[in-house]
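Structure first, then comments.
Just so you know, all these numbers are worked out from the coordinates, no wet-lab data involved. It should be emphasised that the depicted structure is a prediction, and the values quoted were computed from it without experimental measurement. Here the Cβ positions follow ideal geometry from the backbone for every residue, glycine too, while neighbour counts run over all protein chains shown.
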């Protein structure tokens, strides 16, 4: 299992896996072992680390190691001295926008909500889409800000998706997906808000 270590030294020597990027990019020195923490060849994993660093505007120092029984990488992420503000890459904002819009489109096609007359209609989160489109048009980190604001409080859209049993289409689920490269851009408060709402949803489902 990946662990923080006190020193930073090393010498040179696969299925889709979820990596705990929030922890790994926290500035600590980490040691990860092939076969336990990642399955791809070590040089591929090193490439993943450097791609992640570029995506979040950071730098990463990495060394491979092989102590005879275990091989892997030791690494440490740090802020990029040329970009101390760590402005998110535009490609990350584009991907966050696309994923956030995708759950809207799927919900519009697959989720139905009740009308006052007892019939049902397709669910279209119009205000959500409008807000997301406005954020995209403003550029910068506005898409991130929009997502953060949306999960900071209960919404009618969340209730509609909860009633439909569509946890997979909740924005909170997207925020908590650690496989997304933009996952580390969310603050601890945002992740906590999203997790709390998902936990409440899961608890209510178990009771029903």
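Between the alpha-carbon centers of the range 149-208 and the range 19-46, tell me the distance in whole angstrom.
Using only Cα atoms to place each centre, the spacing works out to 26 Å.
Among DSSP bridges having both ends in the chain, what percentage is antiparallel? Round to the nearest 5.
95
Given points 7 Å out from each Cα along the Cα-Cβ axis, report the residue 189 to residue 137 separation in nanometres with one decimal.
Label at residue 189, label at residue 137, 2.8 nm between them.
Would you work out the Kirkwood radius for the range 90-207? I mean one over the mean of 1/r across all pairs of different Cα atoms, in Å.
For the range 90-207, inverting the mean 1/r across all distinct Cα pairs yields 14.8 Å.
Any chance you could list P(r) for the range 111-150, counting all Cα-Cα pairs in 10 angstrom bins from zero, rounded to whole %?
Going out from 0 Å in 10 Å bins, the range 111-150 shows 29, 34, 23, 14, 1 percent.
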